[in-house]
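The structure appears below as structure tokens.
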């Protein structure tokens, strides 16, 4: 089966933040003194130049500035990068360009400048509208500032906004979780991300777990109740933690979940590229520390690692993403994006169907409500060394 390169996105990592949150496991670094905005943009373009041979002739369908806190960067720096990137890559007309934004960094007038630079989607890290919860999460904003930042963006002309909310927070009740969703709905964003707080390794919360984290039963009640609130307000769930008004799904993240390709540039950025000529899938990541990456950008020394995804690992990687989607995936897409016949997953697919976790409908694989609840167990069936993969067919491996 021929591996056919899927749509391509561009991920840009801007690694600095005002203060590291105790739950955050992203590659983010607390800003100490003035940030080297101009030098970093120069380095981003050099990094992009170095990776361009991996994506010659391909069209970019979305751009995402993640961090860290990308909104620490002035609009002029974002503008200069986008001009340089669009001169090097073919940007699809009207492509989605997202900037992650901390409400605590919003300043009046800046959103107009981001919009003029080409950023047409803002993703706000709200997390909660409860000041006590925000303090316990180590956030630098309060609820009033969060609402004010969203309204500033709307006044500047943005109608494509995402609000990030977390639930199962320390000291949070079911009523408090519901109130957060209600406050978000009152702002009428196009998109809401609603996900559970998890204690990730190598974070302050993992080292010293906070008191009052809801147990699993309460967290599940929060999830179900908030899902109902979102559905009643017209926000359809299309991924495990993503809800959108009709036609307002996040194009960039959809490309990830559909096992699409993406160039990753910047300190610690990860990329995934399908190489048609080699019939290979390459994962590349960059050196994590901003100082080290800045010194090496544009050279081989900026690459933290390169890995060819083993053929046996592709089904697991594909399922890790695609089974997050409510509407699942087409078997035909599995074939062209993994370069494998659908028969490679016959055995684990049959097990998942038998257990009521997945359904097959006209060549499409869909997770059931039960399957979404036990997502990790479903995905584990597609591990190369799992019990379902003993037939010797091509299957994923760790």
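The values are calculated or read from the model by the stated rules, or taken from the named source; none is laboratory data. The model shown is predicted, which means the values in this text are computed figures rather than measured ones. Glycine gets a Cβ as well: all are built from the backbone with ideal geometry, and neighbour counts include every protein chain shown.
Results for (1) outside the structural domain of residue 49 (by TED's automatic domain parsing); (2) in contact with a strand residue (DSSP E or B) (Cβ under 9 Å, 6 or more places away or on another chain); (3) farther than 30 Å from residue 39 by Cα, shown as yes or no for each residue.
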site	(1), (2), (3)
290	yes, yes, no
294	yes, no, no
306	yes, yes, no
320	yes, no, yes
324	yes, yes, yes
328	yes, yes, yes
337	yes, yes, yes
340	yes, no, yes
344	yes, no, yes
Q: Test residue 34 against the criterion of being in contact with a helix residue (DSSP H, G or I) (Cβ under 6 Å, 6 or more places away or on another chain) and either in contact (Cβ under 8 Å) with a residue 60 or more places away in the chain or within 30 Å of residue 137 (Cβ to Cβ) (or both), and give yes or no.
A: no
**Q.** Per-region count, region 368-383, residues farther than 30 Å from residue 276 by Cβ and outside any helix (DSSP H, G or I)
**A.** 2
Q) Before we move on, is residue 250 surrounded by 15 or more Cβ atoms within 10 Å (Cβ to Cβ), closer than 30 Å to residue 42 by Cα and modelled with pLDDT of 95 or more? A) yes
Q: Looking at (1) buried (at least 17 other Cβ atoms within 10 Å of the Cβ); (2) part of a helix (DSSP H, G or I), find the lone condition where residue 60 falls short.
A: (2)
Q | Hits in region 204-247 - residues which are surrounded by fewer than 14 Cβ atoms within 10 Å (Cβ to Cβ) and more than 14 Å from residue 174 (Cβ to Cβ) | A | 207, 208, 209, 211, 231, 232, 234, 246, 247
Q.
Given the condition surrounded by fewer than 19 Cβ atoms within 10 Å (Cβ to Cβ) and over 27 Å from residue 339 (Cβ atoms), answer yes or no: does some residue in region 268-290 qualify?
A. yes
Q) Has region 78-85 got at least one residue that is more than 15 Å from residue 119 (Cβ to Cβ) and buried (at least 21 other Cβ atoms within 10 Å of the Cβ)? A) no
Q) Of all residues in region 100-136 being assigned to a loop (DSSP other than H, G, I, E, B) and out of contact with any strand residue (DSSP E or B) (no Cβ under 6 Å at 6 or more places or on another chain), which is modelled with the lowest pLDDT? A) 108
Q) Within region 142-154, restricting attention to residues that are in contact (Cβ under 8 Å) with a residue 12 or more places away in the chain and closer than 27 Å to residue 221 by Cα, which residue is surrounded by the most Cβ atoms within 10 Å (Cβ to Cβ)? A) 146
Q: Could you list, in sequence order, all residues of region 313-349 that are in contact with a helix residue (DSSP H, G or I) (Cβ under 8 Å, 6 or more places away or on another chain), part of a helix (DSSP H, G or I) and farther than 17 Å from residue 6 by Cβ?
A: 316, 344, 345, 347, 348
Q) Going by the structure shown, is residue 157 in a loop (DSSP other than H, G, I, E, B), out of contact with any strand residue (DSSP E or B) (no Cβ under 8 Å at 6 or more places or on another chain) and surrounded by fewer than 20 Cβ atoms within 10 Å (Cβ to Cβ)? A) yes
**Q.** Residue match in region 20-27 (condition: touching a helix residue (DSSP H, G or I) at 6+ places or on another chain (Cβ under 7 Å), modelled with pLDDT of 95 or more, more than 19 Å from residue 274 (Cα to Cα) and crowded, with 16+ Cβ neighbours inside 10 Å)
**A.** no
